[in-house]
Amino acid sequence: DTEVTQTPKHLVMGMTNKKSLKCEQHMGHRAMYWYKQKAKKPPELMFVYSYEKLSINESVPSRFSPECPNSSLLNLHLHALQPEDSALYLCASSRDLGYGYTFGSGTRLTVV
Amino acid sequence: AQSVTQLDSHVSVSEGTPVLLRCNYSSSYSPSLFWYVQHPNKGLQLLLKYTSAATLVKGINGFEAEFKKSETSFHLTKPSAHMSDAAEYFCVVIDPYNQGGKLIFGQGTELSVKP
């Protein structure tokens, strides 16, 4: 299995909702990442997990809460989002920090 | 600090003609460089990577890139464009010794392919 699987593919949520994005990989990769991508822009790093521990938080607002339950799974919990948080959320993994990434196909999030 | 500059925000070619997407990098160390492609509403797919082995790197779908240290460049080429090559292309540098292995993205080049 050489893929990173993200669910759901599309999500529409209200500003008072709580939802979660899920990311899964079975390549034995020990680093996992969340990126946010707005239209016509490169992805922006949000969080880095290395060996299931949070190693980088790029000053992301607390309404985004990451979780790494095990080495194959990465979640992003969403609460009280704003319309400007609407974007494509990409998950990625790599063998370790400093190696090339494998990206998932993303979750298209719309906040209404 | 690492940085990447993609010299063209948009490139338009005709089907069957060569493709050249330009990328310059700045790195304090021997860099690892990548090209990723993103089709509309899709994730990023790795085209090719340079990690200090051969300077001419071959990737998927007929793409290749040449690492030129003297010019700090890593341009992406393809001899003959296909309609399916129309997409956004990102040149990326990674510094494993700093910033936690963070990917540094260029601003992207949108490739259009005319019939």
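Quick one: 3J(HN,Hα) in Hz for the stretch A:64-78, Karplus 6.51/-1.76/1.60 with θ = phi - 60°, rounded, Gly and Pro as x.
For the stretch A:64-78, the Karplus-derived couplings read 9, 10, x, 8, 10, x, 7, 5, 9, 10, 9, 10, 10, 8, 10 Hz, x marking Gly and Pro.
Using label points projected 7 Å from each Cα along Cα→Cβ, tell me how many nm separate A:R30 and A:Q82, to one decimal.
3.8
Along the charge dipole of the protein assembly as shown, pointing to its positive end and built from +1/-1 on Cβ of Lys, Arg, Asp and Glu, which listed residue (A:L76, B:V93, B:G16) has its Cα farthest out?
Comparing the listed Cα positions along the dipole, A:L76 ranks first.
Neighbour counts of other C-beta atoms within 10 Å: give me A:C68, A:C23 arranged from fewest to most.
A:C68, A:C23
Using the structure shown, list the pairs from B:K68/B:K114; A:K38/B:K42; A:K41/B:K42 with a Cα-Cα distance above 18 Å, or answer none.
B:K68/B:K114
Specify the inter-centroid distance of the stretch A:1-56 and the stretch B:45-115, based on alpha-carbon positions, in whole Å.
Centre-to-centre distance over Cα atoms comes out at 23 Å.
Can you compute the label reach from A:V12? Point 7 Å from Cα along the Cβ direction, backbone N cut-off under 20 Å, restricted to the stretch B:32-57.
Residues passing the 20 Å test: B:41-42.
What per residue convex hull volume, in Å³, do the alpha-carbon atoms of chain A yield?
Convex hull volume per residue, Cα atoms: 93 Å³.
What trypsin sites (Lys or Arg not before Pro) in the stretch B:26-109 are in a loop by DSSP, with at most 16 other Cβ atoms within 10 Å of the Cβ?
B:K42, B:K69
Can you list the aspartates and glutamates whose alpha carbon sits under 14 Å from that of A:K18, skipping same-chain ones fewer than 8 residues off?
Counting by Cα, and skipping residues close in sequence, A:K18 has these aspartates and glutamates nearby: A:D85.
Over chain A, what relative contact order in percent results from Cα pairs under 8 Å that are six or more residues apart?
It rounds to 37 percent for chain A.
List B:I104, B:I94 from most exposed to least, where exposure is judged by having the fewest other Cβ atoms within 10 Å.
Arranged by neighbour count, lowest to highest, B:I104, B:I94 become B:I104, B:I94.
Residue by residue through the stretch B:42-51, which ³J(HN,Hα) values in whole Hz follow from phi under the Karplus form 6.51 cos²θ - 1.76 cosθ + 1.60 (θ = phi - 60°), with glycine and proline marked x?
Working through the residues one at a time gives 10, x, 8, 10, 6, 8, 6, 8, 10, 9 Hz.
Report ³J(HN,Hα) in whole Hz for each residue of the stretch B:102-115, in order, from the Karplus equation J = 6.51 cos²θ - 1.76 cosθ + 1.60 where θ = phi - 60°; Gly and Pro get x.
So the Karplus estimates, Gly and Pro as x, are 5, 7, 10, 8, x, 6, x, 10, 8, 9, 10, 10, 8, x Hz.
Hey, fewest Cβ within 10 Å first, where do A:K36, A:K18 land in order? Each step should come with its number before you reach the end.
Values: A:K36 19, A:K18 12.
Listing A:K36, A:K18 from fewest to most nearby Cβ atoms yields A:K18, A:K36.
Give the residue list of GluC sites (Glu not before Pro) in the stretch B:24-93 that are DSSP loop and have at most 16 other beta-carbon atoms within 10 angstrom.
Passing sites in the stretch B:24-93 are B:E71.
Any aspartates and glutamates with Cα under 13 Å of the A:K40 Cα? List them, leaving off those in the same chain fewer than 8 positions away.
B:E88, B:E110
Each reported figure results from applying straightforward, stated rules to the coordinates on display, with no laboratory input. Quantities reported herein were computed from a predicted structural model and do not represent experimental measurements. Glycine also receives a Cβ, built like all others from the backbone with ideal geometry; neighbour counts cover every protein chain displayed.
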